[in-house]
1. What number of residues within the range 94-136 are more than 19 Å from residue 42 (Cα to Cα) and either within 14 Å of the chain's Cα centre (by Cα) or not in a strand (DSSP E or B) (or both)?
2. Return the only residue of 65, 75 being away from ligand 2 (no atom under 16 Å from the Cβ), assigned to a strand (DSSP E or B) and farther than 30 Å from residue 133 by Cα.
3. Which of the residues spanning the range 21-49 are within 24 Å of residue 103 (Cα to Cα) and touching a helix residue (DSSP H, G or I) at 6+ places or on another chain (Cβ under 7 Å)?
4. Could you tell me which of the residues 242, 190 is outside any strand (DSSP E or B), in contact (Cβ under 8 Å) with a residue 24 or more places away in the chain and out of contact with any strand residue (DSSP E or B) (no Cβ under 7 Å at 6 or more places or on another chain)?
5. Hey, residue 201 hits all of (1) touching a strand residue (DSSP E or B) at 6+ places or on another chain (Cβ under 8 Å); (2) modelled with pLDDT of 95 or more but one; which does it fall short on?
6. Of the numbered conditions (1) within 16 Å of ligand 1 (Cβ to nearest atom); (2) more than 27 Å from residue 336 (Cβ to Cβ), residue 34 fails exactly one; give the number of that condition.
7. Can you tell me which condition residue 311 does not meet? The list is (1) away from ligand 2 (no atom under 16 Å from the Cβ); (2) outside the structural domain of residue 165 (by the TED database); (3) without any contact (Cβ under 8 Å) to a residue 60 or more places away in the chain, and all the others hold.
8. Could you check residue 276 against (1) within 18 Å of the chain's Cα centre (by Cα); (2) within 16 Å of ligand 2 (Cβ to nearest atom) and say which number it fails?
Ligand code: ATP
Ligand code: MG
């Protein structure tokens, strides 16, 4: 799999960009606010239809314009074209987002997976000590790219969960009966077990990989769902009108040897753990999909020590990789020699 070209129209600070990639790793260099991270974000949008940075998708649309368009051409066996359009709805053109493969509109679940990607931002460090939702989100974005079914199961699970919580609320209000829960409980358990299973396989795999970045353990803490456990919590569930157990309450933690680094890790350890987690995702995706995802690294070298930098350089050579950086200072010479260096300035590639 190889992303040959990306075209942007009105995306963030880019009015128009056509960029071809070659077999070398791509190094984007430019001052702050030049548009380096925006370009990585655009590639990731082609992978997942999602941005990890934008709070709302209309942020992606260039200021004072009405739509953003990101188009990618890739070889993946044959050639294909991926297209994401983000639109400011008007009376004539009312859609907000459209995704197409070879010109044919697709649902997100069927679009994802064409261009598998792993992205690392410095801010991903929040994943270590932030709320569980953030960790689950990073996890799900990886698993959904591997397996169309995962996204569908997640959606089904969420529907059962919402419906079940509605019944719990009606019981609390005195007009529902516990027996009305059965159908939703059964569905919740059936879908929930599938999610737990897939997450479990992921963690089993990543914890036995080689650990060149340090002895990190990613400890999965599933909130296992079963009839028995749900029955035990019924009283509290009704009082809260919320389902208290299930994969929507799953979490995982980062350990270095036996230290939970959310609490006891240095900033550098937390950052390295995040990178180790992302690179482990990459290996898992490669194994399951039989092809290596594109790797997008935003400002990865600056806080790593020399040994860890050398490891990153080694990984970079294994698949298509795009790296963004402000300065060349921390970047190993070996990598510079192998890379294609592109200068980004004010939403343009100038050399
Ligand atoms: P840094 O080195 O600081 O990380 P960068 O090159 O990664 O910089 P980006 O985050 O890619 O920079 O680009 C940031 C620029 O894009 C900012 O100037 C920001 O104002 C601009 N920008 C973001 N969204 C939009 C938008 N919707 N329309 C126009 N400009 C935007
Ligand atoms: Mg940036």
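The values are calculated or read from the model by the stated rules, or taken from the named source; none is laboratory data. Since this is a predicted model, take the numbers as computed values, not measurements. A quick note on method: Cβ atoms are made from the backbone with ideal geometry, for glycine too, and the neighbour counts reach across all protein chains shown.
1. We begin by selecting, within the range 94-136, every residue more than 19 Å from residue 42 (Cα to Cα); these are 94-95, 104, 125-136.
In the following step, the residues that additionally are either within 14 Å of the chain's Cα centre (by Cα) or not in a strand (DSSP E or B) (or both) were identified as 94-95, 125-136.
Qualifying residue count for the region: 14.
2. Values: 65 fails: assigned to a strand (DSSP E or B).
After applying the criteria, what remains is 75.
3. Answer for the range 21-49, where residues must be within 24 Å of residue 103 (Cα to Cα) and touching a helix residue (DSSP H, G or I) at 6+ places or on another chain (Cβ under 7 Å): 47, 48, 49.
4. Numbers: 190 fails: in contact (Cβ under 8 Å) with a residue 24 or more places away in the chain.
Every option except 242 fails the conditions.
5. The one condition residue 201 does not meet is (1).
6. Going through (1) within 16 Å of ligand 1 (Cβ to nearest atom); (2) more than 27 Å from residue 336 (Cβ to Cβ) one by one, residue 34 breaks only (2).
7. The number of the failed condition is (3).
8. (2)
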